[in-house]
Each structure stands twice: as C-alpha cells, then as structure tokens.
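Single-structure report; data block below.
The values are calculated or read from the model by the stated rules, or taken from the named source; none is laboratory data. Not measured: the values here are computed from a predicted model. Because the Cβ atoms are built from the backbone with ideal geometry, glycine has one as well, and the counts that use them run over all protein chains shown. Just the protein is used for accessible areas: all its heavy atoms, side chains included, with ligands, DNA and RNA removed. Shrake-Rupley method; radii C 1.70, N 1.55, O 1.52, S 1.80 Å.
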Amino acid sequence: MVVDLESCEVVDMLKGLRGSQCAWMESTESDKVQCVYVVVYAARRGVVEVYAVGAERQLQASVSVGQGWTLVQGPTQPLGGSLVVETAGSERRATQPVPATCVLLGDNGRIARISA
C-alpha cells in the first residue's frame, strides 16, 4: 500500500508483491523535485520495479536482477521532514536535504545503484 501521510489515505495498492522490499527515490532538476518513485524489489521473482507516484501509478522500469539482494533506502530529508536545530532563538537545518535514493546490496557484497 502507498499511504499519503498528510491525509492518512491509501492512494495506491501494489498487488502481487507479497514479501517485497520497497524504498523511495526522487528525480530532481535545478534543486526541485520533479518526480517521486517507489522502488520495489520482489525477492521471490528477483525483479526490481520502479513506479512513478502521482495521480496515476505508472510502471517506469522492470529489471530482472536475480535473488539474494536487499533494497536499502539512502539517508534523506525531503521525504522524512526536516531536521531543525534550535540555537539561541534561531533555527537552522542540521544538514541540507538531498533527494531520496536507494541501492541494492547483494549477499556477496556487491552494490547496485538505482537511479532515475
């Protein structure tokens, strides 16, 4: 299920992906988020699928990578809110936000980068 956290509504349902791993990815242009994607690794089938999230879910890519991978979400702030530090009455970001990214880690130590 894809849930809109602001409205607490289910906005999409991905069927046939029981036991899958998922992560978020963003594409940017001129420091503005252009598109948000949900990346799904269906371990039983050994397939990575990338869906654009929006008014209509659209499959952007489907790649067979084999079994034995783990999908890992990279550290980010745009999707998770800001980390703000207060000092002497002023607020500032502790770190600058970066677009959401994810990678696949193989059970043999290999790393596969997923990009928009």
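Assorted remarks:
- Every residue from the range 1-59 that is more than 13 Å from the chain's Cα centre (by Cα), of a type in the set (D, E) and open to solvent by less than 70 Å² (accessible area, probe 1.4 Å): D4, D12
- Every residue from the range 96-110 that is under 16 Å from Q21 (Cα atoms) and open to solvent by 100 Å² or more (accessible area, probe 1.4 Å): D107
- Scanning the range 37-76 for residues that are among the aliphatic types (A, V, I, L, M) and in contact with an Asp or Glu (Cβ under 9 Å, 6 or more places away or on another chain) turns up V38, V39, V40, A42, V53, L59, A61, V63.
- Odd one out for Y37 among (1) of a type in the set (S, T, Y); (2) touching a strand residue (DSSP E or B) at 6+ places or on another chain (Cβ under 6 Å); (3) free of Cβ contacts under 8 Å to residues at least 12 places away in the same chain: (3)
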